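Take a look at the structure set out below.
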Amino acid sequence: MSELTLTHGRRIVQGLFLALFLFLFIQTESKGADELGWPVKLFLDFDPLIVLTTFLASHRVEGLFWLSFILVGLTLLLGRVFCGWVCPLGTLNNLAGSLRKKRPRAPGPGWFRVKYSLLVGLLASSLFGVQLAGILDPLSLTIRSFSLALYPAMSYAVTSLFDAVYRLNLPLVTPVSEALYALLKKTLLPFQQPWFAQGTFIGLLFLGVLALNLVQRRFWCRFLCPLGALLGLLSRWSVLRRSVSEECDSCGACAGVCQADALPAGKETWRASECLVCNNCDDICPSNAVRFGLLKGQSTGGLDLGRRNVMASFFAGAFAVPLLRISPLARPRMSDARLIRPPGALEEAAFLQSCVRCGECMKVCITGGLQPALLEAGLEGLWTPVLVPRIGYCEFNCTLCGQVCPTGAIRRLPLEEKQRVRLGHAAIDRGRCLPFAHATPCIVCEETCPTPKKAIWLEEVTVRDRAGKSVRLQQPHVDLTTCIGCGACEKHCPVVGQPAITVTIAGESRSQEHQLLLQDPAGPAPPGI
Amino acid sequence: MKRRDFLKWTAVSSAGLALPGSLPVLGRIAQAARGPDLVVARGTPTPQVVRAALDALGGMKRFVARGDVVILKPNIGWDRNPQYAATTNPEVVGTLATLCFEAGAKKVRIFDNTVNDARRCYRQSGIADAAAAAGAEMVVMDGRKYRDVRINGTALKSWPLYGEIFEADKLINVPIAKTHSLSGLTLAMKNWMGVMGGVRFRVHQRLDESLADLCRVIKPTLTVLDAVRILTANGPTGGDLSDVKRLDTVVAGVDQVAVDAFGTTLFGMKPEDIGHVRLAAQAGLGVMDLSKLQIKRISV
């Protein structure tokens, strides 16, 4: 392999895009300013599946949606080059696939059609208002898995290693390892160890996707990827075509190296919709019979999905809508008390129609409080972000989650507006609160309350302890007109286990039905769209 | 106690014993040679006020020797800009760092165990920039470096404290003056909560005693109280400019209890109004009786 082939070029490009992807991923973290300085959600902006399904479900498009037209145009021109040359999950699948030494199996006859069925199902459900594409979208899937599982696990492993060397306190070794650790902290490691509910599960799912490469290389890309399916549909009209000249002696070498189910071996069978334009068939052909060129050669081997299949997928996707919506949790005033959404989140129905569960907001959340929902919002809300104040509160001066959301499910609010958004209200549990229940002074909730006029106020009272002794202390109260439900009080409450002050969705700005007060002297909260 | 100090002390006390009744006089003479107990400097610009305060106290060279590693401990607990007076004024911190370097310090390290996110606090307080401009290191505190310290106090028997403050050559406390709903005020002594590890919000149950207890084991070389802006309500977090009062004042001294005692007067209070100041003075950890202190007031 001395001469530089197109395959080499492709691998270099894949490496560069993976590096860019990882770089932007690492930059999805605060450095103390309220801007990140990098377009960290760039890959998601280019994703036409996310733009299309979000538009179908919510009838809205977000800021940089037009970038996805570039990918559509590129695919119309050159086919699924995104899959073969750009997609970070595709590249990771390539890497994982290299662990499989055996030649590829003969492709199952219709397996490649599965992804089209998934795509049709996802489009159908989004058409009727349920946005599920993010669960399977490869970019969303990868960012979510990295954010919530792989990166935290990597951080944990590396930190544990350096901690062990630090504790051993070895001469010469520990100073070097500490210097290296400091360097890693500045570059690759997160500022603090992230902890995510379901991290283990989400990580296992992703490793499962990679492990499928042992069954068949690029199993995900061939059979499951709905973005690949969408780009495959567009590729049918691509002007980049593959031709096979008369020199072909049907040796079948190309069939063994094809990364997808594009059937390169037969002269008439090549499927443009499946071809990842990886150029393996061109490079390996001993007779140099394969050519990729613009508008030369036959257009396509066709893509017959079968009307029944398409109809079945469509109805399955459509039926998912009522099936998911019969949960009471999706109804106003019946929702989970702890379904605290990030500041700027749309009203719940609209939020669910827009959120693609990419995990960007959870990755960027400065306190780590944004966590993936399990069933708090019903199955429809799986992996959407929920603020869990005990893990991390909403930082008063931070607007990062709204900045990184690719679909506007969390609106990007000016700081002043964000500071007035109520995520809910705090409420005190007098049975657990130290000054109320135990005649013991404590003002931590009041101390950490960030609103300029503190939403927690203290009443000076005299109480008696068990011995009958008078104790002068201050008892906290929540002022509903100033409390924004950020959860700083709940986070810092010294009562272990179930804290003595907790935030619930009561009063959250984004829902008319969830308002608590008839009249709000602080003026109307910013409307949730 | 170093040998030289011991000899000096022995000389002074034997002189006192030799001349009964003259000890306070001699003490005052010895003190006058060292400089006043407290310097209260007022004016603008802030860096010059800080310099003047240190000069009046005998210069930074009195506290920092060539090659020293110095720790500056400002209050950076909250994610606020300097004008809200929730965090120590960055010019005060920056000028102190510069003065340390001028006195020959090898390294100046600055940190606080913040309540809000450290990245935001360091940056939004302006202290990260001030540190960088002065050539000081802004250190994110390392969870592994807290160690249990025997305190033997009335409320705290032992507590995890940040090891570096005991290892450094010199430790300078740079608090800001603010209100606090439980301790009344947060000044110098309360600023040591920023080197506490563990579940430090538990100490609020016996806060005054705990703060006095911290002063049993944390003995700063110098304390510089920032009262350029003070926060008069809604402390310690603030957030409303109408709660901020501009005093353009810096209070410097060696006795941290004395600094806090004077600090109470900035809010129209008396030292004994603040529980932890009273307790610390009673425990002999410093002087709160302002009439017994030599206070030098200067204007810039």
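The values are calculated or read from the model by the stated rules, or taken from the named source; none is laboratory data. Worth saying up front: this structure is predicted, and the values here are computed from it rather than measured. Methodologically, a virtual Cβ is constructed for each residue, glycine included, from the backbone with ideal geometry; neighbour enumeration extends over all protein chains shown.
A compact table of results
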read-out	value
Strands (runs of 3 or more DSSP E) completely within the stretch B:167-259 that count 1 or more residues being surrounded by fewer than 21 Cβ atoms within 10 Å (Cβ to Cβ) and away from chain A (no Cβ under 14 Å)	B:170-174, B:244-253
Residues of the stretch A:402-429 that turn out to be within 14 Å of chain B (Cβ to nearest Cβ) and either surrounded by fewer than 19 Cβ atoms within 10 Å (Cβ to Cβ) or not charged (D, E, K, R) (or both), as a count	4
The stretch B:94-121: number of residues that are away from chain A (no Cβ under 11 Å), in a loop (DSSP other than H, G, I, E, B) and acidic (Asp, Glu)	1
Count - residues of the stretch B:74-93 that are away from chain A (no Cβ under 11 Å) and in a loop (DSSP other than H, G, I, E, B)	6
Candidate set: the stretch A:139-186, residues that are within 20 Å of the chain's Cα centre (by Cα) and of a type in the set (Phe, Trp, Tyr); chosen: the one farthest from residue A:384 (Cα to Cα)	A:151
Options A:219, A:206, A:201, A:223: the member that is farther than 23 Å from residue A:111 by Cβ and either in contact with a Phe, Trp or Tyr (Cβ under 6 Å, 6 or more places away or on another chain) or of a type in the set (Phe, Trp, Tyr) (or both)	A:201
Index of the failed condition, residue B:133 passing every other in (1) away from chain A (no Cβ under 12 Å); (2) outside any helix (DSSP H, G or I); (3) surrounded by fewer than 19 Cβ atoms within 10 Å (Cβ to Cβ)	(2)
Residue match in the stretch A:19-32 (condition: within 19 Å of residue A:134 (Cβ to Cβ), outside any helix (DSSP H, G or I) and either among the hydroxyl-bearing types (Ser, Thr, Tyr) or modelled with pLDDT under 95 (or both))	yes
Flag if residue B:143 is small (Gly, Ala, Ser), touching a Gly at 6+ places or on another chain (Cβ under 8 Å), within 14 Å of chain A (Cβ to nearest Cβ) and touching a residue at least 60 places away in the same chain (Cβ under 8 Å)	no
Qualifying residue in the stretch A:489-504 (condition: under 26 Å from the mean Cα position of the chain (by Cα), of a type in the set (Val, Ile, Thr) and either at pLDDT 95 or above or surrounded by 18 or more Cβ atoms within 10 Å (Cβ to Cβ) (or both))	yes
The one condition in (1) away from chain B (no Cβ under 12 Å); (2) among the β-branched types (Val, Ile, Thr); (3) farther than 21 Å from residue A:362 by Cβ; (4) assigned to a loop (DSSP other than H, G, I, E, B) that residue A:462 fails to fulfil	(4)
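Residue by residue, here is whether (1) under 19 Å from residue B:275 (Cβ atoms); (2) of a type outside the set (D, E, K, R) holds:
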{"site": "B:153", "(1), (2)": "yes, yes"}
{"site": "B:171", "(1), (2)": "no, yes"}
{"site": "B:196", "(1), (2)": "yes, yes"}
{"site": "B:205", "(1), (2)": "yes, yes"}
{"site": "B:208", "(1), (2)": "yes, no"}
{"site": "B:212", "(1), (2)": "yes, yes"}
{"site": "B:215", "(1), (2)": "yes, yes"}
{"site": "B:224", "(1), (2)": "no, yes"}
